[in-house]
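A short write-up of the structure that comes next.
The values are calculated or read from the model by the stated rules, or taken from the named source; none is laboratory data. None of the values given here were measured: they were computed from a predicted structure. Cβ: placed from backbone, ideal geometry, glycine included. Neighbour counts: every protein chain shown. What goes into the accessible areas is simple: the full protein's heavy atoms, side chains included, and nothing from ligands, DNA or RNA. Shrake-Rupley method; radii C 1.70, N 1.55, O 1.52, S 1.80 Å.
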Amino acid sequence: ILSSEDKRASYDRYGQTDDAQAYSSGRYGRRQDSFYFDESFFNFPFNTKSHRDFTDSKYTLRFNQYVSEVVPDSYRRPYLIKITSDWCFSCIHIEPVWKDVAQEMEGLGVGIGVVDVGYERRLANHLSAHRTPSILGVISGKVMFFHYAVAKEHLWQFVEDLLPQRLVERITDKNEQQFLNSWHELNKPHVLLFDQVPVVPLLYKLAAFAYKDYLQFGYVDQGLAETAELQKRFNINSYAPTMLVFKENTDKPADIIQAKGMKKQIIDEFMSNNKFLLAPRLVNQKLFDELCPVKQFHRRRKYCVLLITADEETHSFGNQVFLSFASTNTREVVRFAYVYQRLQQPLCDILIQSEDGSQSSPQVVILERRNAAGRALFKPVTAWNGSEEDKLHLIEELERLQKDPSILTHDAMLPELNNEFASMFVVRWIYASYDYLSEVIDDILHNNWREMMPLLSLIFSALFILFGTVVIQAFSDSSEDKQMKPKAKDGPKAENGSSGTSSTSSRPPRKNFVEVTELTNITYMSNLVKLRPGHINIVLVLTDASKNILLSKFAKEVYSFTGSQTLHFSFLNLDKHSEWMSTLLEYAQDQSQIDADEDDSRCCKMDYTGFVLALNGHKKYLCLFKPVYTGEDVDVKSSDEEGGASAGKLRPGSRDGHPPRRSSRSRSTSTLQIHHKLDRLGLWMERLMEGTLPRYYVPAWPGLEKIPPTSPATVP
C-alpha cells in the first residue's frame, strides 16, 4: 500500500486496504465486490474471493483434500465439481442452476466440490481443467467432463451417466427366482425396490453404487403387468415405494421398509443393517475383517463361530443346519460364518487341530482376533454333522464363552485369506477397458484436444516406432539376401530356399557352451516330429562307451554354429535306440548310396557310432555324415559328408553321384580311432548351412521305443 500512491491515497481517505473494498461505503450501505457508480447505477457482483457465495466456500477443494478424501470417497459415491475463477462473466450465468442442482444432489448423496483456478492452479491442472467455467464428475478415481448446456435436466442426466450401467437389474415374474437364488454364488443379500415409476430413481442407483460390494440390487416396476404376480406374492402396497432385503431365505424377506418420501438417511440405515448374510462364506480378507473385527476394547469383543466344511453335496445337510442355527442367534457379539477348506487351505490347516493332520468331517471353531497382524485366539468346539448333540454342545460352549473368555486356549497367527473372486478380475478389466474407450471416444467427439494430446502423442509415437522397425527390418533382410546370392553360386542350390540359412552361420555363438539334449521318447516329438518349419536338429549317434569322447569332439566342431537360431543339437544312444537307426535307414534304403558294400551290410551289423544326422522334422528329410579316418589319407573326401544314409534317391544335382569305396582299413571299426571320427564334421556343417548337401526324404518318422529320459547334457 505504501509503495503505491493510489492505494495510499485510498487508505488515507477511506481506510481501505484492498482494491476489492473500493466504494464499499455509501448511501446504500456496505457493498462488497461490486462496481458502484452514481448510487448503484452499476451494481454487478463479480465472482471474486471476497464475494464468493457461502455455498461455494463450503464446497471449496484443495489439492491435498482432493487426493486424500475425494478420490477414495469417489469409489462409494460420485462427485460433481465446478471449475471457476475470479472475474469470470460466464460463471455468473450458470450460478443459479449450479446452486439448485448442488443442493439437490447433496441431499441424494452426491459429493459437491468447487475449484478456484486462481487459488488452486495445481488441482486444476491435475484435473486437466483449463477453461472456466467447467463442470466435471469424478467416480472411482476417474474424471469425466460435462460437455452440454448447463441446465438442470442435463446435469441430472450427467450424474446418472457417471454411474455404471449394470448396478441395478430389472426384475419381473420370469427372472425373480434366478435373481434371489444367486445369493449363494455371489455371497450377498439381495435388495428389491418396488415403485410405480418406469425409470429407476437416481437415489436408488446412488445407494446401489455405495453398497455394491455388499448387496445385489434389483428394481420392480409396479406399473408392468409382468410384475403382478411378484407384487401379489409379497403383498406390496402400490401407494408407496417398498424396499425388501432377502438373505438365505428367498421365500420371506429378512427386512422391509415402506415410505412415501424415501430419504437417503433411511436407505443408508436400512442397507447398513443388512450388509451381510446370516452366515456368509469367508471369500476374502476384507470380508473377514468386517465380520470378525479386531478386538479394540474389553466391552467390544467380537467372536466368530466358524464352520470349516467342504463344497460337496454330502455336507449340504450339516451346512443347512448350521445356517438355521445362525438364524436364531440374538447375541450381538457373536457372528456366524463358514469357509470351504479346499479354497482356504492355509487358514483351515491352522484352525483344525486333528491328530492325523487331516479333516474327516466338518468342524466348528470359535475365534477372536487380537490384532491386525493376524494374531487370534481360538478353540475347536466340535465335529459338525448337524445333529442335536452338536447343536447342544455349541450352545454350551457359547454360554461358557460369555462367562469366561479364557476358554479360547489356542493362540496362532492367521494367514491372509485367498480372494475367491479373483477370477472375476478379467471381467472387471474388460468393463474398465470399455469404460475407458467410451471416455476416449467422448473426448474425441467433443473436440477436447488439449486433454487428448498425451494419448494422441503416445499413439503416434508407437506407430512411428513400429513403422521404423518394419522399414529397418525390410532393408536388413534385403541386404542379407544380396550377401547370400554369391555364396549360392558355388554349389547347387537346395530346394525350398534352404540356402537362406547360410547367413546364420556367420553369427557369433550366443553362449560359451553347447547344449546337447538326448533324443528320447519324451523329447522325440518336440525335437523332431513337431520341429518348427525351417529348424534342423543335428543328432550325434553314440554309445555309452564313446559318449564322453564323441560329445567333447562334437561340441568343438559345432560350437561356431551355435549362434544360429534354427539349429538344435541332440545325441542318440545306440545302446537304447539301435532299432530306430536301422528302421530309419530302411524307410529310405538305397544300398548303392548308403552303403557301398552291400555284402558287408548283410554279413555283419553296421556300426553307426560317430554318425551325424541333420533332421528336418517339418519337411521329413535328412542329411547324413559318416565318420572318415583322417589319420592316413587327409585328401580323401568324405562321401559320408554328402549323406549316404537314408531316404529316397540321391538328387540329380548332388556332387557325388557314386561315393568312393572305403578301404579295408576304413571299413574296420577297430582301426578307426574314436576321436578321429568327427574330424570332417566342421566342413560338413559348412556345406549343410550352404544348402549343398543332398537330402534323403522319408515317408514318416519311425517311432521311438519308450526309454526312461535323462537330463540334458551341457558340454563346455
Every residue from region 71-92 that is part of a loop (DSSP other than H, G, I, E, B) and touching a Ser or Thr at 6+ places or on another chain (Cβ under 8 Å)
S74, Y75, S85, D86, W87, C88
Name the one entry in L163, L192, L186 that is open to solvent by less than 10 Å² (accessible area, probe 1.4 Å) and over 26 Å from Q65 (Cβ atoms).
L192
Hey, Y79 under 17 Å from M144 (Cβ atoms) and open to solvent by 10 Å² or more (accessible area, probe 1.4 Å) or not
yes
Checking the structure you have, find out if any residue of region 356-365 is modelled with pLDDT of 85 or more and closer than 30 Å to L163 by Cβ.
no
Search result, residues across region 82-124 that are open to solvent by 80 Å² or more (accessible area, probe 1.4 Å) and among the polar types (S, T, N, Q):
Q103
Number of positions in region 534-590 that are assigned to a helix (DSSP H, G or I), closer than 14 Å to L624 by Cα and within 49 Å of the chain's Cα centre (by Cα)
2
Against the conditions (1) within 25 Å of Y211 (Cα to Cα); (2) open to solvent by less than 80 Å² (accessible area, probe 1.4 Å); (3) in contact (Cβ under 8 Å) with a residue 40 or more places away in the chain, where does L127 fall short? Just the number, please.
(1)
Restricting attention to region 259-267, does a residue exist that is of a type in the set (A, V, I, L, M, F, W, C), within 27 Å of V321 (Cα to Cα) and modelled with pLDDT of 90 or more?
no
Cβ-Cβ below 6 Å, separation at least six or inter-chain, first residue in region 158-184 and under 21 Å from Y148 (Cα atoms), second open to solvent by 40 Å² or more (accessible area, probe 1.4 Å) and assigned to a helix (DSSP H, G or I): which pairs?
L163/K205
Of (1) loosely packed, with under 13 Cβ neighbours inside 10 Å; (2) out of contact with any helix residue (DSSP H, G or I) (no Cβ under 9 Å at 6 or more places or on another chain); (3) modelled with pLDDT under 90, T17 fails just (2)
So, in region 168-188, how many residues would count as being of a type in the set (A, V, I, L, M, F, W, C) and at pLDDT below 90?
1
Mind counting the residues in region 63-76 that are among the aliphatic types (A, V, I, L, M) and either open to solvent by 20 Å² or more (accessible area, probe 1.4 Å) or in contact with a helix residue (DSSP H, G or I) (Cβ under 9 Å, 6 or more places away or on another chain) (or both)?
2
For region 254-262, state whether one or more residues are under 33 Å from the mean Cα position of the chain (by Cα) and surrounded by 19 or more Cβ atoms within 10 Å (Cβ to Cβ).
no
So is A432 among the hydrophobic types (A, V, I, L, M, F, W, C), outside any strand (DSSP E or B) and either at pLDDT below 85 or open to solvent by less than 60 Å² (accessible area, probe 1.4 Å) (or both) or not?
yes
Picking from V110, V67, which residue would you name as being closer than 27 Å to I267 by Cα and hydrophobic (A, V, I, L, M, F, W, C)?
V110
Quick one: in region 661-701, which of the residues that are at pLDDT below 80 and among the β-branched types (V, I, T) is farthest from L585 (Cα to Cα)?
T671
Among the listed residues V339, V381, identify the single one that is within 23 Å of E312 (Cβ to Cβ), modelled with pLDDT of 90 or more and not small (G, A, S).
V339
Any chance you could count how many residues in region 370-400 are closer than 14 Å to V321 by Cβ and part of a helix (DSSP H, G or I)?
8
Which members of region 210-262 meet the condition of being part of a strand (DSSP E or B), acidic (D, E) and farther than 29 Å from T328 by Cβ?
D221
